[in-house]
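K.L.:
Structure provided below as structure tokens; questions to follow.
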Amino acid sequence: MAGAAAVRPKSGVDRRQAMLGVSASALTLSFALPLTPSPATAGGTLQPITAWIAIDANGVAVIQVGSQDMGQGILSGLAQVAASELMIDWSKVRAQHAPASQTYVNPLTHAQFTVGSTSMRGFYKAMRTVGAQVREMLQQAAANAWGTSFDAVAPAGNGVMTDGSRSLTYGQLSASAAMLTPPKSPRLLKGSLIGKSVPRLDIPAKLNGSAVFGIDVRVPGMLYASIVQCPVLGGKLPDGYVAPNVSGCVASVALDNAVAVVATNTWAAMQGARSLNIAWSLPSDTSQKDSADIYERAQILMGSKAPPVAEQVGSFADAMSTAKGKIDATYSLPYLAHAYMEPLACTVSVTSKRCDIWAPTQAPGSIVAVAAQLTGLDPSKISVNTAFMGGGLGRKFELDYVIQAIRTSMAIKKPVKLTWSREEDFGHDQYRPMSLSRIRAGMDADGNIVAWSNRIVSPSILYQRAPSALVNGIDNQAVDGAIGLDYALGARLVEYVRHPAGIPVGFWRSVGHSLNCFAVESAIDELAKRVHADPVAFRRRLLSKSPRGLAVLNAAAALANWGSALPKGHARGIAYSVGFGSYTAQVAEISEPDAKTIRVHKVACAIDCGTAINPDSVRAQIEGGIVQGLSAALWGEVNFAGGVAQLNNFHNYRLLRINEMPVVSVSIVNSGAALGGVGEPGVPPIAPAVANAYAALTGKRVRRLPFFPGTTMDPDD
């Protein structure tokens, strides 16, 4: 179209109020056909047995999964747990994202979102229970059909019930089973699938192109939108701004700090958004949105008197006064972008009667609450369809892109798919916070740590969302990985100082652990060097009262063949962490081909996550975490000048290339303890493991990440 309609949405809800108004208690029942993967079966119509499991005539079971799959494989993992109790062959299992509903909230988080490696930890028992419920309902249905007792019937495997002389398939029993009341306390049998490496259910659909990601959604009558936002963080549209007509586009919509341009295809919408020349209303002071000022302020805050105490055991000052060998080191980490492959996208159709949303989101339940506030519709009239995510890493827990799509559809009164350009994605991320950590520690004459102090200066993810979320001034996300250490550290003091920087921050894979593990494990290595101790032997002493920690440390060292001869110019480093209910240790073997490069040849990782439900998936997640953590350690940083992010695409945000991928070996230590997470524990140890190897190789201690700031993706770099 040659002209375009300029539209300003009408809404009585402030965007910030809408974001802060989300809570687990706001979740309501809302059902819609999930997008991925297709539950279609050769057996025809599915018979729902419970809200979690439906079975077709051929005995194929479709299992609803309450967590969202962003590539970590949880869609298969949780289905595997239920299927194991259901006593059904894996070839007869399908899975799909559950709709936004109170029915599917995570028992651990009491909300329907996927964060903090909580999916398996939260849903494990629940998914076993739903599988066992349906198994017993099928068992009772068979008993009723044969006029015998419940105990006279048993599953024969592969979706068959038998009484020894007769058999009925799950498909034959599904309709009558659906008429029964689910047992409240079914017997849990565990089955044969838990602990087994089975193929992921989502891979075929991703290979043949049938999997629906957020950017793939198509609905009838849909238009396409793209966003341009004020490049200066905190900037807004001027008062009274009217979005102009854009040549070749259908409409433009003013959205507080952005303009959405709507067209008949995404490319036209993006070109239209880029063509806008907007005189933005800029913040009067951007000093707390400028990297140089932020780090200078962090140094000042490091000298704060009596900051909030996150952890205190004994008197650090007294113990330090008598210590012999001492260190006083400050470690610095930068802001990081999420840098996932699929940019933000969301499709919305708002009418006077209902609101339908299709989103690659980590928080479908939260979307229901926000959509109800924005549209004024009853939550029962709102459906959220969760699409596959081409990576989330914490960013797709946020709702800014969803809110923009809802408001755009409301304004143009048509379905619309809003897609961010890569430049907008990098320039308006919810970045991992920067951090400054000063560690002072002292040892006695025998090399035992007797005093340990860690003061952390970092922006608060929680404070940005709700200041009341801080308890006694402490953001628990900011001190994760710094408190509750199972090392023998003697008297210890951990303090937190909130940095008031104006950069938007959010949850980045492993959150505070990715910051604090680098500081803690680097300092432990520095202490080992002070007493000329082998880094593994030194940690063994510190973990003498932690059987799980010691087992993981030893497993990683054995896997790496620690202490054996290395090629000339190579060195090893080790790091250890506890987080998300799991214990992890990594050994990195590196070389330095030239002054601008570190080559990581091998990484040996041991993890104790209690029990590995699917060992292949555990290994895959550890490998992915190492890729992300290694990219960040070597090159990852986001700098800001005058409130503007100084990056806009992958060409100036360096990631690990395929030919740079180290050989990764993973040892799974099945302790049988309570389940731990695996999505995030692979990230924290890799940076300090590489830094410790580099110190062993060169004698140079890197205390500020990344190793190679300012590196781009130029193939000639």
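The values are calculated or read from the model by the stated rules, or taken from the named source; none is laboratory data. Fair warning: this is a prediction, and the values are worked out from it, not measured in the lab. Cβ sites come from the backbone with ideal geometry, for glycine too, and all protein chains shown count toward neighbours. Just the protein is used for accessible areas: all its heavy atoms, side chains included, with ligands, DNA and RNA removed. Shrake-Rupley method; radii C 1.70, N 1.55, O 1.52, S 1.80 Å.
K.L.:
When the Debye formula is applied to the Cα atoms of the stretch 567-717, each taken as the same point scatterer, what base-10 log of I(q)/I(0) results at q = 0.14, 0.19, 0.20 Å⁻¹?
P.N.:
-0.70, -1.11, -1.18
K.L.:
Could I ask something else about it? Taking only C-alpha pairs under 8 Å that are 6+ residues apart, what is the relative contact order of the stretch 430-515 in percent? Display every interim value, and only then the final one.
P.N.:
On the way: 150 pairs, mean separation 32.6, N = 86.
Once divided by the residue count of the stretch 430-515, the mean separation gives 38 percent.
K.L.:
Remind me, relative contact order of the chain in percent, using alpha carbon pairs under 8 angstrom and six or more residues apart?
P.N.:
15 percent
K.L.:
Only one of the values [x] 109, 61, 50; [y] 79, 73, 50; [z] 117, 73, 54 was calculated from this structure for Cα extents along the principal axes in Å; name its label.
P.N.:
[y]
K.L.:
Per 0.36 nm of contour for each residue apart, how much would the distance between K125 and S352 grow if the chain were fully extended, relative to their Cα-Cα spacing? Show your work: numbers first, answer last.
P.N.:
Numbers: separation 227, 0.36 × 227 = 81.72 nm, distance 4.07 nm.
Computed gain between K125 and S352 is 77.7 nm.
K.L.:
Tell me, what does the Kirkwood hydrodynamic radius of the stretch 516-575 come to in angstroms if you use every pair of distinct C-alpha atoms? Please report the intermediate quantities before stating the final value.
P.N.:
Values: mean 1/r = 0.0809 Å⁻¹.
One over the average 1/r among Cα pairs gives 12.4 Å for the stretch 516-575.
K.L.:
Where the convex hull is taken over the Cα atoms of the stretch 365-433, what is its projected area averaged over directions, in nm²?
P.N.:
Numbers: hull surface 22.2 nm².
Over all viewing directions, the stretch 365-433 projects a mean Cα-hull area of 5.6 nm².
K.L.:
Where in the chain are the DSSP H helices whose alpha-carbon span along the long axis reaches 24 Å or more and whose Kyte-Doolittle mean is at least -0.5?
P.N.:
Numbers: long enough: 119-146 (39 Å, -0.28); 511-530 (30 Å, 0.18); 615-634 (28 Å, 0.37).
Both cut-offs are met by 119-146, 511-530, 615-634.
K.L.:
Can you tally the net charge around V219? Count Lys and Arg as +1, Asp and Glu as -1, for every other residue whose Cβ sits under 15 Å from the Cβ of V219.
P.N.:
So the surrounding residues net to +3.
K.L.:
Give me the Kirkwood hydrodynamic radius of the stretch 326-457, using the inverse of the mean 1/r over all pairs of distinct Cα atoms, in Å to one decimal.
P.N.:
17.6 Å
K.L.:
On the accessible surface of the chain, probed at 1.4 Å, how many percent belong to carbon and sulfur atoms?
P.N.:
Within the chain, the accessible surface is 54 percent carbon and sulfur.
K.L.:
Also, quick follow-up: Quick one: the Cα spread of the stretch 479-543 along its three principal axes, in angstroms, biggest first?
P.N.:
43, 24, 19
K.L.:
Can you give the extra length, in nm with one decimal, that the chain gains between H601 and S197 once fully stretched, where that is 0.36 nm per residue apart less the Cα-Cα distance? Don't jump to the answer; show the numbers that get you there.
P.N.:
Working: separation 404, 0.36 × 404 = 145.44 nm, distance 2.68 nm.
Extending this stretch completely gives an extra 142.8 nm.
K.L.:
What figure, in Å² to the nearest 10, do you get for the accessible area of T181 with a 1.4 Å probe and non-protein molecules left out?
P.N.:
Here the accessible area works out near 120 Å².
K.L.:
I've got another one for you. Just by accessible area at a 1.4 angstrom probe, what is the order of R492, R619 from largest to smallest?
P.N.:
Result of the area sort, largest leading: R619, R492.
K.L.:
Quick one: the Cα spread of the stretch 421-503 along its three principal axes, in angstroms, biggest first?
P.N.:
58, 29, 20
K.L.:
Once the Cα atoms of the stretch 178-225 are picked out, what are the Rg and Dmax in Å?
P.N.:
Rg, Dmax (Cα atoms, Å): 19.6, 51.
K.L.:
At 0.36 nm per residue, minus the direct Cα-Cα distance, what do M179 and D486 gain on full extension? Give it in nm, one decimal, please.
P.N.:
105.4 nm is the gain from fully extending M179 to D486.
K.L.:
With only alpha-carbon atoms in the gyration tensor, what are the semi-axes of the equivalent ellipsoid for the stretch 571-613, in Å, largest first? Can you show the working numbers first?
P.N.:
Details: eigenvalues 158, 18, 12 Å².
They are 28, 9, 8 Å, listed largest first.
K.L.:
Would you tally the net charge around T361, using a Cβ to Cβ cut-off of less than 13 Å, leaving T361 out, and scoring K and R as +1, D and E as -1?
P.N.:
On the way: positive: R395, K396; negative: D69, E342, E398, D400.
Local charge sum for T361: -2.
K.L.:
Report Rg (one decimal) and Dmax (nearest whole number) for the stretch 454-612, counting Cα atoms only, units Å.
P.N.:
Computed over the Cα atoms of the stretch 454-612, radius of gyration and Dmax are 17.6, 55 Å.
K.L.:
Kirkwood Rh and Cα-based Rg: tell me the resulting Rg over Rh for the stretch 161-240, rounded to two decimals. Show your work: numbers first, answer last.
P.N.:
Details: Rg = 25.6 Å, Rh = 20.3 Å.
Result: Rg/Rh = 1.26.
K.L.:
Could you work out the relative contact order of the stretch 157-271? I mean the mean sequence separation of Cα pairs under 8 Å and 6+ apart, divided by the number of residues, in percent. Write out the running numbers ahead of the final one.
P.N.:
Working: 101 pairs, mean separation 20.9, N = 115.
This gives 18 percent for the stretch 157-271.
K.L.:
Here's another thing I want to ask about it. For the stretch 51-115, report the translational diffusion coefficient in µm²/s to the nearest whole number, using Stokes-Einstein at 10 °C, 1.306 mPa s, and a Kirkwood Rh over Cα pairs. Before the final figure, lay out each step's value.
P.N.:
Values: Rh = 12.3 Å.
This corresponds to a translational diffusion coefficient of 130 µm²/s.
K.L.:
What is the spin-label model distance, in nm, from H110 to A641 if the labels are put 7 Å beyond Cα along the C-beta direction?
P.N.:
That separation, rounded to one decimal, is 4.8 nm.
K.L.:
Counting residues in the stretch 656-717 as N, plug N into 2.2 N^0.38 Å and put the Cα Rg over that result.
P.N.:
Against the empirical 2.2 N^0.38 Å value, I get 1.51 for the stretch 656-717.
K.L.:
In vacuo Debye scattering of the stretch 112-207, one point per C-alpha: log10 I(q)/I(0) at q = 0.16, 0.18, 0.22, 0.26 Å⁻¹?
P.N.:
-0.80, -0.93, -1.14, -1.33
K.L.:
Would you mind checking the pairs K381/K417; K190/K545; K125/K396; K289/K381; K529/K568 and listing those with alpha carbons more than 29 angstrom apart? Show your work: numbers first, answer last.
P.N.:
Details: K381/K417 20 Å; K190/K545 32 Å; K125/K396 26 Å; K289/K381 40 Å; K529/K568 21 Å.
From K381/K417; K190/K545; K125/K396; K289/K381; K529/K568, over 29 Å: K190/K545; K289/K381.
K.L.:
Between the stretch 139-170 and the stretch 544-604, how far is it from one alpha carbon centroid to the other, in angstrom?
P.N.:
Here the two parts' Cα centres lie 52 Å apart.
K.L.:
Taking every eigenvalue of the Cα gyration tensor of the stretch 280-357, multiplying by 5 and rooting it, what semi-axes result, largest first, whole Å?
P.N.:
Ellipsoid half-lengths, sorted descending, are 46, 21, 16 Å.
K.L.:
Further, regarding this structure: Taking the Cα-to-Cβ direction at S287 and at N448 and moving 7 Å from each Cα, how far apart do the two end points lie in nm?
P.N.:
Once both label points are built, they end up 4.9 nm from each other.
K.L.:
Over all directions, how big on average is the projection of the convex hull of the alpha-carbon atoms in the stretch 573-655, in square nanometres?
P.N.:
Projected over every direction and averaged, the Cα hull of the stretch 573-655 covers 7.8 nm².
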